[in-house]
1. How many residues does the range 1-37 hold that are under 21 Å from Val82 (Cα atoms) and of a type outside the set (S, T, N, Q)?
2. Condition test on Ala35, is it modelled with pLDDT of 95 or more and not aromatic (Phe, Trp, Tyr)?
3. Which residues, taken from the range 1-17, are touching a residue at least 24 places away in the same chain (Cβ under 8 Å), of a type in the set (A, V, I, L, M) and in a strand (DSSP E or B)?
4. Go through the range 1-26 and give me each residue that's of a type in the set (A, V, I, L, M, F, W, C) and under 14 Å from the mean Cα position of the chain (by Cα).
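The values are calculated or read from the model by the stated rules, or taken from the named source; none is laboratory data. These figures come from a predicted structure and were not determined experimentally. We place every Cβ from the backbone using ideal geometry, glycine too, and count neighbours over all the protein chains shown.
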Amino acid sequence: MKVYKLSFCIIRVVNSKLAEVIVNEGAVIDEIEVAEYHDVLLNVLDAPFSLLINKLHAYTYTFKAQRSITDLKELKAVAIVVKTAGAILSTETLIQVSREVHDNIKLFRTREEALNWLKKK
């Protein structure tokens, strides 16, 4: 599995159409980092692609980053693994704030559930 280390996260390429993203503890993601993130995804994955966001750590976004994080037309589906009530609340808020609200974003409690859903997409 190929792994890309960005300044605020790691991206693990599961296959040519799926990557797992784990953001670093305490990261504050801004629009420049979102652009870096999008660039890596577009260069290492085949469109359309899906993402598994594994929220192992606490982190935040600037407002501009929140509005642009899901703005990729190549993005097919996003499964987000959340373990705490706080993570669920913050993730639901992010989904509502995103400029482009995707019908194909779903929250899960386990990585396996998330992967199974993405495989069906």
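1. So the answer is 20.
2. So Ala35 fits the description; yes.
3. Answer for the range 1-17, where residues must be touching a residue at least 24 places away in the same chain (Cβ under 8 Å), of a type in the set (A, V, I, L, M) and in a strand (DSSP E or B): Ile11, Val13, Val14.
4. Of everything in the range 1-26, those that are of a type in the set (A, V, I, L, M, F, W, C) and under 14 Å from the mean Cα position of the chain (by Cα) turn out to be Leu6, Phe8, Cys9, Ile10, Ile11, Val13, Val14, Leu18, Ala19, Val21, Ile22, Val23.
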